[in-house]
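What follows is a single structure, written as C-alpha cells, with notes after it.
The values are calculated or read from the model by the stated rules, or taken from the named source; none is laboratory data. Source: prediction; values computed, not measured. Glycine also receives a Cβ, built like all others from the backbone with ideal geometry; neighbour counts cover every protein chain displayed.
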Amino acid sequence: MGFLSRLFGQTPKRVTQVSRSSTEPPASPMPPLPHSDPSCPYCHKALPKVPTRKAACPFCGNPILVRRTNVISPGIPLLTEADAHAADFLKTLQATHGEFAENRKALVAQWGRSPSAGDVAWRVVQHRIRASRQYSELKAYHWSAVSFLAAEGRDWLAELREAHRADLLGWKQNANHGLLDSASARVVVIATPNCCETCRKVASKKYRLDEALRDNPLPVIGCSTEQKGLPRGWCRCCYGLDV
C-alpha cells in the first residue's frame, strides 16, 4: 500500500518498460473526463473549466481532486479531499460500487442520516475483517485499517495490535491442528536495527504462545520511533516464531 510504503521508507522498484510488438495496436488515449457533474464538490457551483488534475475551486478555494474511476460516484470524477482519500482506500481493497452502496445503505438505516464516504469505507474494511476466514487475510485487512486511520491522523494503535495478534492466532490454529508444538514453540519479538530504546529492551524477548496471546506485547507501548504525521511512536517490531 502506498501509504505504508512511505511509512516504512521503501523505494518502489524500477519497472523496465517492455517494448510492444509491431503487430500490437497502440495504446488507446485516455478517455476524456465525464461531464455529468462539472461542478465543485464543495460549493456545487458550475465550474468554468473541468479540471483534469488537482486544482482549487475558483469560487470557494477548496482543493478539488480528480479520480477518473472511483466506486463512490462512478461517472463523477471530481471529489473532495476526504472523498478522494476514501476512494483511494477502497481501491486498495478492490471494493466495488455495489459493496460501497450496500454499506452506505446499511449506515443510513442505522444512523438515520447520510454517512460520509470515509464512514462507509471504514464499514467496508470492518466488514471484511469480520468476514475473514484466514488469519493472513485478517492481518492484511487490519493493516489496511491502520493505514486508513494513520492517513487521517487518527489513533491506529488498536488496529495495529490486532494485525500483530492475527499472527499469534494463526500459530495457535496450527497448534490446534497438530502442525505446531505449542509447548516448545516460543514467540520472539523482533526489533529493527534502528528501533527506539523502549523497543530495544524487549527485543529478542520470548513468550509462550498463550502468554503472547494474553499479554499482546506488540506494538510496544511507549515506542518513541518517530514517523512524520503520526500522533504516536510507530512501532516497527514484529513477531517471529522459534520452534
Taking residue 225 and the conditions (1) crowded, with 16+ Cβ neighbours inside 10 Å; (2) part of a helix (DSSP H, G or I), which numbered condition does it fall short on, given that it satisfies the others?
(2)
Within the stretch 51-66, identify whether any single residue is on the phi > 0 side of the Ramachandran plot and either of a type outside the set (D, E, K, R) or at pLDDT below 95 (or both), and answer yes or no.
yes
Show the residue pairs that are 6+ apart or on different chains and have beta-carbon atoms under 9 Å apart, the first residue being within the stretch 119-141 and outside any helix (DSSP H, G or I), the second being aromatic (Phe, Trp, Tyr).
132/141
Those residues of the stretch 48-80 that are among the hydrophobic types (A, V, I, L, M, F, W, C), in contact with a strand residue (DSSP E or B) (Cβ under 6 Å, 6 or more places away or on another chain) and assigned to a loop (DSSP other than H, G, I, E, B) come to a total of 1
Kindly indicate whether any position in the stretch 168-186 is small (Gly, Ala, Ser) and in contact with a His (Cβ under 9 Å, 6 or more places away or on another chain).
no
The residue that is farthest from residue 162 (Cα to Cα), considering only those in the stretch 190-220 that are surrounded by 17 or more Cβ atoms within 10 Å (Cβ to Cβ) and small (Gly, Ala, Ser), is 191
Mind telling me which of the residues 149, 168, 157 ends up being closer than 19 Å to residue 241 by Cβ and among the hydrophobic types (A, V, I, L, M, F, W, C)?
168
Suppose the filter is touching a helix residue (DSSP H, G or I) at 6+ places or on another chain (Cβ under 9 Å) and modelled with pLDDT of 90 or more; does residue 69 pass it?
yes
Of all residues in the stretch 147-176, count the ones that are part of a helix (DSSP H, G or I) and touching a residue at least 40 places away in the same chain (Cβ under 8 Å).
14
Of the residues 120, 146, 187, 108, which single one is within 26 Å of residue 42 (Cβ to Cβ), crowded, with 20+ Cβ neighbours inside 10 Å and not acidic (Asp, Glu)?
120
